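Novice: Could you have a look at this structure, given as structure tokens, before my questions?
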Amino acid sequence: MNTITAAPLTIHDAETLVAAAHTAAEAAGVTVSVTVLDAGGHLLAFRRDDRAVLISGETSTRKAYTALQLNAATADLVDAVQPGGLFHTLPTALDRPLLFIAGGVPIHRDGRLIGALGVGGGAPEQDHGFATAAVKELV
């Protein structure tokens, strides 16, 4: 029996992601926090700009965790937690740090989920853009 495995997310990968997200945010004049989690939800890297709002550290981590647990970009989940949405009760049903605001994206390699990236500090659409730009740098 052959098992297809994907190389795990490394600290080098995490540092590349953090740098790329910060570069994208800096180009837009936005101060952010960036969190990278491995496939098990463990922190691999975190950085908060000096002037980023303090809560951005928490939001970036929760966005990454949500993207990892649901294997979906948080931007794609916002409508699902609205009244009548598929996941409407999920944020209160679990005692987990889920956050359904754009800025979290799963990270895949060879078709496998290997981690997640969360960005907080800008407008949700900006955070999503910075996160997706960073993941594109991981080739």
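Novice: Going by the structure shown, is Thr59 part of a helix (DSSP H, G or I), farther than 12 Å from Ala134 by Cβ, in contact (Cβ under 8 Å) with a residue 12 or more places away in the chain and not small (Gly, Ala, Ser)?
Specialist: For Thr59, the condition - part of a helix (DSSP H, G or I), farther than 12 Å from Ala134 by Cβ, in contact (Cβ under 8 Å) with a residue 12 or more places away in the chain and not small (Gly, Ala, Ser) - is met.
Novice: Could you please let me know if Gly57 is at pLDDT 95 or above and surrounded by fewer than 21 Cβ atoms within 10 Å (Cβ to Cβ)?
Specialist: yes
Novice: Inside the range 60-71, can you point out the residues that are more than 24 Å from His22 (Cβ to Cβ) and modelled with pLDDT of 95 or more?
Specialist: Once the filter is applied, which keeps residues that are more than 24 Å from His22 (Cβ to Cβ) and modelled with pLDDT of 95 or more, the range 60-71 yields only Asn71.
Novice: What is the one condition in (1) under 14 Å from Val105 (Cα atoms); (2) free of Cβ contacts under 8 Å to residues at least 60 places away in the same chain; (3) surrounded by fewer than 22 Cβ atoms within 10 Å (Cβ to Cβ) that Ala39 does not satisfy?
Specialist: Exception for Ala39: condition (2).
Novice: Further question on the same structure: Within the range 1-23, can you find the residues that are of a type outside the set (S, T, N, Q), closer than 13 Å to Ile107 by Cβ and not in a loop (DSSP other than H, G, I, E, B)?
Specialist: Answer for the range 1-23, where residues must be of a type outside the set (S, T, N, Q), closer than 13 Å to Ile107 by Cβ and not in a loop (DSSP other than H, G, I, E, B): Asp13, Ala14, Leu17, Val18, Ala20, Ala21.
Novice: Which ones in the range 24-56 are of a type in the set (D, E, K, R) and in a loop (DSSP other than H, G, I, E, B)?
Specialist: Residues satisfying the conditions are Asp49, Asp50, Arg51.
Novice: If you don't mind, another one. Can you tell me which residue is surrounded by the fewest Cβ atoms within 10 Å (Cβ to Cβ) among those in the range 86-104 that are part of a loop (DSSP other than H, G, I, E, B) and at pLDDT 75 or above?
Specialist: Per the criteria, the residue is Pro97.
The values are calculated or read from the model by the stated rules, or taken from the named source; none is laboratory data. As the structure is a prediction and not an experimental result, all values here were calculated from the model. Glycine gets a Cβ as well: all are built from the backbone with ideal geometry, and neighbour counts include every protein chain shown.
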